[in-house]
Amino acid sequence: EVLARYLMKYPEMIQKKTVLELGAGVGLLGLVAHRLGASRVLWTDGDERVLMNLRENIRTNLSVEQAVSRSLCPQLIWGQGLEAFRQLHGRSQVILGTDLFYMTKSLEPLFETIDQLLACDGIFVAVNSCASQSPISTVLQVASRYGFIWKKVSLKYPDKELA
């Protein structure tokens, strides 16, 4: 929810851009990106059961003419089949994710995935608000190995600002 609110505050990050949501779960970030005017949204998750629920959630929340096909909600297992995925869907200008850094062993495949699927001038935006076995220093160290730089942004919003 924190990243969704951030995107609503800064819609220019998303408007007219191709967006990929990693570990989409229920698809909140992708739905927000779609409503904010993204030119294309790919919702992804590694769990096929989660994807079934996600597809239903997307159908429920988008009008019939906006309803997405299965190709816009593909399975993506970090670090696997990336070249084929990129050939089919291209690179995205924006990659979004929430609570992606939960396991240290998943960091390498995660950043390999981002590296392979993010456009050269793209941006990866993530929030980690859940408990994680990976300290932020480890996350940033892995990100650095893939050539990423980071910027810490405050995501605290007073209630009156969100009304």
Handout entry: Theoretical gain in end-to-end length, M52 to S144 [0.36 nm per residue, Cα-Cα removed]
Key = 29.7 nm
Completion exercise
For P(r) over Cα pairs in 5 Å bins from 0, in percent the list reads (i) 1, 8, 14, 15, 13, 10, 9, 10, 9, 7, 3, 1, 0; (ii) 1, 9, 17, 20, 19, 14, 9, 6, 3, 1, 0; (iii) 2, 9, 18, 22, 22, 16, 8, 3, 1, 0; the calculated value is entry (iii)
Completion exercise
Sorted by accessible surface (1.4 Å probe, heavy atoms of the protein chains only), largest first, K16, K152 come out as K152, K16
Completion exercise
Whole-Hz Karplus couplings 3J(HN,Hα) for segment 115-121, θ = phi - 60° and coefficients 6.51, -1.76, 1.60, Gly and Pro as x, run 4, 7, 10, 8, 4, 4, 9
Practice task
Choose one of L31, P135, H89: the residue whose Cα lies farthest towards the positive end of the charge dipole of segment 1-136 (beta-carbon charges +1 Lys, Arg; -1 Asp, Glu; about the Cα centre).
Solution key: L31
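Determine the dipole magnitude for the chain: charges of +1 sit on the beta-carbon of Lys and Arg, -1 on that of Asp and Glu, nothing else is charged, the reference point is the Cα centre, and the result goes in debye to the nearest 20.
Numbers: 18 positive and 16 negative charges, 68 e Å.
With Lys and Arg at +1 and Asp and Glu at -1, about 320 debye.
Can you work out the accessible area per residue across segment 1-46, with the rest of the protein chains kept in place, probe 1.4 Å, in square angstrom? Spell out each step's value before the answer.
Details: 1900 Å² over 46 residues.
Ligands and nucleic acids excluded, the result is 41 Å² per residue.
The values are calculated or read from the model by the stated rules, or taken from the named source; none is laboratory data. Because the structure is a prediction, the values reported are computed rather than measured. A quick note on method: Cβ atoms are made from the backbone with ideal geometry, for glycine too, and the neighbour counts reach across all protein chains shown. To get the accessible areas, we keep the full protein, side chains included, count just its heavy atoms, and leave off ligands, DNA and RNA. Shrake-Rupley method; radii C 1.70, N 1.55, O 1.52, S 1.80 Å.
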